[in-house]
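Below: one structure, written as structure tokens.
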Amino acid sequence: MANTRPRKSTTVRTPLLIRAGFNLAERIAPTPAAKYLTDKWFKLPGTPQTRLRAEAPADATTFTLETPDGSIWGYDWGDGPLVYAFHGWGGCSGDLQHLTATLRANGMRVVAFDALSHGNSGPSPWGERYSSAVHIHDASRAIIQKFGAPQAMIAHSLGCLTGALALQEETEGPLTIPMVMMAPFVGGYESFTETLNSVVPAGPRIMERLIPMAEQRAGTEIAKISLFNLEVDSPTLIVHDKRDRPNPYRFGADLAQTWPNATMRATEGLGHRRILSNPEVISEVRQFLVPS
């Protein structure tokens, strides 16, 4: 089926030399450091030649959706209740291949796609090396407008935020469809800051400059892009590993406490990506979305 190439984690601990450099920049050069990190925040890991790509399942129908922002590649697989699959930052539709195959085998129709500057899709308006949550959100909304209202959604990391926001905007009233959130990036200032600091240590003087720079470039306020802002009555399964570095576990736990019909499933030692292929997690997702 999907054939994603392995890659090294981008969430290794910050080398001491880099940490020392940013500590120095915090004192004497916070503005140049903020400009540098703003660029890095929107820059995708790897290169266009090495980014993750996946083939569609053999019996799926592939499509290309032309949008004002760019060309979106994806696939439409099976019949039955429609489920959208939203991948995360720097990933591709193949990241969710084990989950989507299980849902397809249990009688569901899966629509998955690669965000702009990801996978097999074309470049974002910023080119092949860059993208943003706004671009991914807009692509998600274009997919929903093409294929219609789903009966469920599954998502990983940033895809949880952008997919749910897009669904909310296409829905009158609260979200009610079943949702599976894997290692969610919840959005908002605090999550933004902690995710950035999982890679580089940006102090308060750098951050107070970086946030308005990032907001100006993305064309939106970070505080407005948050799962905590949504109206959600959906039965929701939140799967989050306690050792997740880029998206700390406590944000998923807080979300489970905030949404009235959410269930928290904590894992230990799977990290940010291995939850997507863990057999026990996949079985639990199947039971949640396709109860016997």
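Give T171, T162 a once-over and let me know the one that is out of contact with any Pro (no Cβ under 8 Å at 6 or more places or on another chain), closer than 13 Å to Y84 by Cβ, of a type in the set (S, T, N, Q) and in contact (Cβ under 8 Å) with a residue 60 or more places away in the chain.
T162
Exactly one condition in (1) among the aliphatic types (A, V, I, L, M); (2) modelled with pLDDT of 95 or more; (3) assigned to a loop (DSSP other than H, G, I, E, B) is false for V111; which is it?
Among (1) among the aliphatic types (A, V, I, L, M); (2) modelled with pLDDT of 95 or more; (3) assigned to a loop (DSSP other than H, G, I, E, B), the lone unmet condition for V111 is (3).
How about region 31-43: which of its residues are more than 15 Å from N197 (Cβ to Cβ) and in contact with a helix residue (DSSP H, G or I) (Cβ under 6 Å, 6 or more places away or on another chain)?
The answer is T31, and nothing else.
When you look at G127, is it within 29 Å of S191 (Cα to Cα), surrounded by fewer than 22 Cβ atoms within 10 Å (Cβ to Cβ) and more than 19 Å from the chain's Cα centre (by Cα), yes or no?
Considered against the rule, which asks whether it is within 29 Å of S191 (Cα to Cα), surrounded by fewer than 22 Cβ atoms within 10 Å (Cβ to Cβ) and more than 19 Å from the chain's Cα centre (by Cα), G127 comes out as yes.
Can you name the residue in region 64-79 that is over 19 Å from H135 (Cα atoms) and surrounded by fewer than 20 Cβ atoms within 10 Å (Cβ to Cβ) and is also modelled with the highest pLDDT among such residues?
D76
Looking at I28, I72, which is the one that is closer than 19 Å to T162 by Cα and aliphatic (A, V, I, L, M)?
Step by step, each of I28, I72 is checked, and only I72 is closer than 19 Å to T162 by Cα and aliphatic (A, V, I, L, M).
Considering each of G219, G271, G252 in turn, give the residue that is at positive phi and surrounded by 15 or more Cβ atoms within 10 Å (Cβ to Cβ).
The unique qualifying residue is G271.
Give just the number: which of (1) surrounded by fewer than 18 Cβ atoms within 10 Å (Cβ to Cβ); (2) in contact with a helix residue (DSSP H, G or I) (Cβ under 6 Å, 6 or more places away or on another chain) does V180 not satisfy?
Evaluating V180 over (1) surrounded by fewer than 18 Cβ atoms within 10 Å (Cβ to Cβ); (2) in contact with a helix residue (DSSP H, G or I) (Cβ under 6 Å, 6 or more places away or on another chain) leaves (1) as the failure.
Among the residues of region 14-62, write down those that are part of a loop (DSSP other than H, G, I, E, B) and farther than 30 Å from D79 by Cβ.
If the condition is that a residue be part of a loop (DSSP other than H, G, I, E, B) and farther than 30 Å from D79 by Cβ, then T14, P15, A29, L44, P45, G46, T47, P48, Q49, T50, R51 are the ones that fit.
For region 275-288, give me the residue count where each residue is surrounded by 13 or more Cβ atoms within 10 Å (Cβ to Cβ) and part of a helix (DSSP H, G or I).
Residues meeting the conditions: 8.
For region 26-50, which positions are over 20 Å from S132 (Cβ atoms) and modelled with pLDDT under 85?
Q49, T50
Can you name the number of the only condition in (1) at positive phi; (2) crowded, with 21+ Cβ neighbours inside 10 Å that A85 fails?
(1)
Output yes when any residue across region 66-77 is touching a residue at least 24 places away in the same chain (Cβ under 8 Å), of a type in the set (A, V, I, L, M) and outside any helix (DSSP H, G or I), and no when none is.
yes
Yes or no: region 252-265 includes at least one residue that is in a helix (DSSP H, G or I) and aromatic (F, W, Y).
Within region 252-265, none of the residues are in a helix (DSSP H, G or I) and aromatic (F, W, Y).
The values are calculated or read from the model by the stated rules, or taken from the named source; none is laboratory data. It should be emphasised that the depicted structure is a prediction, and the values quoted were computed from it without experimental measurement. Cβ sites come from the backbone with ideal geometry, for glycine too, and all protein chains shown count toward neighbours.
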